[in-house]
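*Asks:* Got a structure here, written out as structure tokens. Questions coming.
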Amino acid sequence: MDAKKLEKFKKKLLEERMDLLSELQRVTSGEKSKDMTEAKDSVDLADASYSADYSLAWTEKINRQIREIDESLDRIKDGTYSVCQICGEDIPEGRLEVKPNAKYCTQCKEDLEKRGEIQ
Ligand SMILES: [Zn+2]
């Protein structure tokens, strides 16, 4: 992949990372105030703990996505960004457009999904 395209994907990844960070901030700060209101008003404590669990799961998901983006940015530096981590083939650009932090080519991803190793 040429430098210009790499730069484009890098920009995309950085933008996505920023979005995720602000989302993370929103979830963590929103969680606090929401829990406080719920603890005061709600008679259904199960609900409040469900929402706390949900925020936690959401936070973990965002953190994982940020990590994946960081890995992709590292791979841009290494020059292995558009290379499938399993078979070493090029990941199609169309796939990277949709998912800039893709690590595997379409075929390998499908294989992993079939084996239940990724979702
Ligand atoms: Zn592959």
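The values are calculated or read from the model by the stated rules, or taken from the named source; none is laboratory data. Predicted model only: the values in this text are computed from it and were never measured. All Cβ positions, glycine included, derive from the backbone under ideal geometry; neighbour counts span all protein chains shown.
*Asks:* Which of the residues spanning segment 81-95 are of a type outside the set (A, V, I, L, M) and more than 19 Å from the chain's Cα centre (by Cα)? Before you say what the answer is, go through the steps one by one.
*Replies:* From segment 81-95, those of a type outside the set (A, V, I, L, M) are 81-82, 84-85, 87-90, 92-95; that's our starting set.
Those that are of a type outside the set (A, V, I, L, M) and more than 19 Å from the chain's Cα centre (by Cα): C87, G88, E89, D90, P92.
*Asks:* Identify, please: which residue in segment 1-47 is among the basic types (K, R) and modelled with pLDDT of 65 or more and is, among those, nearest to the chain's Cα centre (by Cα)? Walk me through how you get there before you give the answer.
*Replies:* Taking segment 1-47 as the starting set, the residues that turn out to be among the basic types (K, R) are 4-5, 8, 10-12, 17, 26, 32, 34, 40.
Those still in the list that are modelled with pLDDT of 65 or more too: 4-5, 8, 10-12, 17, 26.
Numbers: K4: 24, K5: 21, K8: 18, K10: 15, K11: 16, K12: 13, R17: 8, R26: 16 Å.
Here the residue is R17.
*Asks:* Evaluate the following for T80: is it within 9 Å of the ligand (Cβ to nearest atom) and either modelled with pLDDT under 95 or within 17 Å of A3 (Cβ to Cβ) (or both)? It would help to see each step written out before you state the result.
*Replies:* Numbers: within 9 Å of the ligand (Cβ to nearest atom): no; either modelled with pLDDT under 95 or within 17 Å of A3 (Cβ to Cβ) (or both): yes.
Criteria not met by T80.
*Asks:* Taking segment 58-81, which residues are assigned to a helix (DSSP H, G or I) and among the aromatic types (F, W, Y)? Let's see the steps before the verdict.
*Replies:* In the first step, residues of segment 58-81 are kept if they are assigned to a helix (DSSP H, G or I); the result is 58-78.
Passing the criteria: only W58.
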